[in-house]
C-alpha cells in the first residue's frame, strides 16, 4: 500500500506557478531544481533560453495563421455532405465551443505566460500524469494537424498549375494515400521548407507568417465577395438533409479548424509583455477567424449545390471558376491557398516544437528536446525531429483519419484548460491575472460541456486509435518521465520543497 501511495503522490505532483514563470524568464535559482543527467544548462543557468521578440500584431497573426486555412480550404468537402447547407450552424457550434475555451485560455495565458500551452497549465493545476496526457493530446493537435493541413497542399498546387500553366502533377505523388496517391511529395516538401524557416529563428518566422496571413485574409475576403454574386437561395434547400445529427457530426469533424487559438499560448516565453499581449491576441484571433469561417461557409453553400461538395478537389477554387466562368479568380485563390497552407503548417509545427521544448525542460522527455541554439535562440534538434514526423504522416496517411484524430486531441486539451481555470482560481486566487474569464464559473463549465458534446460526435474508430495513443504515452511516462521529472528530483533532494498540492 505504501508503494502505491508513493506512486500516487508522484504522478499527481504539481509544478508551482512561480517556478514555471521563473524558468521562462531565466530567473531560476540554479539550486532550485536539479537537472537530470545530460540535461542542457538552460533556464537562467547559461542564458540560453527562448527570446522575447514577438509583439501583439505578430502574435495575433500566429493565432490567425494557425487557424485560418487549417480547415476552411478543405473541410467543406467533407462537412457539407454530412450537414448540407446547415454546415453554417456546424461552424457556429464549433465557434461557440472555441470561444468559451478561448476565454479560459486567455485567463491562464495571462496568469502563466510560459511555453507549453495547456501542458504547462495542466502541470500547475491537475498534476504531472494529467499534464503528460495533455502533452500527448497536443502531439495529436499539432503534429497530426500539421500533417492534415499539408496533405492538401498538392491539391491546390495542381489547381494553380492547371489553370496557370496547363499541367498537373501526377496523382501518384500529389494526392494523399487512399485518394489516388501513393506518397504525397508536395506535402513533404512543404514541411521541409517550414523546418528550414523555423530553424532560422522565431522572429523571422513570425514576420514571414504575418505577411502570409495578410495574403490569406485578402484571398478569403475576395472569395466571399465573388461567391456571393453567384448566390442562389435554391442551393440552400434542403437546408439540413441529415437533420441535426448531421450538423453535430460536422461540427465535431471541423473543430480541428480552431486549433490556432491554442497556438497563441505556445509562444508564451517569446512574447513581449505577455500578461497583456497573450489574452488580447487570443481574443483577436477568435473574432477574426469566426467571422471569416462563417462568411466563407455561407458564401460557398449559397453558390454551389450542397451535393456537389463531396470528393471535390480544391473546392473553393472550383466554386469561383463556376461562378465567374473564368480562370483568373481560381488562379488567385489557389495561389492564396498555397500561401495560406504554408502559413498554417509553419505555425503549427512551431507550436509543437515549443511544447516538446517545455516537456524536455521538465524531464518528461529526453533533455535534448530542451536544447536551444545559442545562435538562433530556437530548439533546432527538436524542430528537425518534429518536422520529420510530420512529413512522414503527411506523405503516407489518409486525410480523414488525420482530421478526426486532431479534433479529439484538441477537444481534450481544450477541456483540460477550462478545468484548469477553475482549479487555479481555488488553489491560487491571489495570482496576478491580466485577464479574467467573464461569467465565472458558468463559462468554463459550459466550455467543458461543449467539448464533451463534440467529442461524442466523433467516429468510434477515432476513440480506438486515441486509446492506443494514450497507452503508448503511458508507457513512456511510467518507463521514463516519472523517473526523470525535475519536479520529482527537486522533492527528493530538497525535503519539504513543494508539496504535491502546491
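Derivation of every value follows stated rules applied to the coordinates shown; laboratory data play no part. None of these values were measured; they are calculated from a predicted model. Neighbour counts run over all protein chains shown; Cβ positions are idealised from the backbone, glycine included.
At a 10 angstrom cut-off on C-beta neighbours, averaged per residue, how do the peptides 466-477, 10-21, 413-424 rank from highest to lowest? Show your work: numbers first, answer last.
Working: 466-477: 14.6, 10-21: 20.3, 413-424: 23.9.
The most tightly packed comes first, giving 413-424, 10-21, 466-477.
On the beta carbon distance between residue 478 and residue 436, with R0 = 45 Å, the FRET formula returns roughly 0.75. Kirkwood's formula applied to the C-alpha pairs of the range 55-480 gives a hydrodynamic radius of 21.2 angstrom. Distance between the 7 Å Cα→Cβ label points at residue 272 and residue 308: 4.8 nm. For the range 55-480, relative contact order (Cα pairs under 8 Å, six or more residues apart, normalised by length) works out to 36 percent. Remark: the residue 222-residue 468 segment gains 84.3 nm on full extension, using 0.36 nm per residue and subtracting the alpha carbon distance. Using Cα centres only, tell me the gap between the range 95-109 and the range 270-348 in whole Å. Using only Cα atoms to place each centre, the spacing works out to 21 Å. Once the convex hull of all Cα atoms in the range 211-270 is built, its volume per residue stands at 98 Å³. Between residue 446 and residue 423, residue separation times 0.36 nm minus the direct Cα-Cα distance comes to 6.7 nm. The C-alpha atoms of the range 97-220 occupy a region whose extents along the principal axes are 56, 32, 32 Å, arranged from largest to smallest.
The range 428-458 and the range 206-240 have their alpha-carbon centroids 30 Å apart.
Using 0.36 nm per residue and subtracting the Cα-Cα separation, the extra length available between residue 232 and residue 56 on full extension is 59.4 nm. Label-to-label distance for residue 172 and residue 373 is 3.6 nm, based on points extended 7 Å past Cα in the beta-carbon direction.
Expressed as a fraction of 2.2 N^0.38 Å, the value expected for a compact globular protein of N residues, the C-alpha radius of gyration of the range 330-441 is 1.40.
Using the Cβ-Cβ distance between residue 459 and residue 244 with R0 = 25 Å, the FRET efficiency computed as 1/(1 + (r/R0)^6) comes to roughly 0.90. Taking the average, over residues, of other Cβ atoms within 10 Å as the packing measure, peptides 83-89, 368-374, 291-297 rank 83-89, 291-297, 368-374 from highest down.
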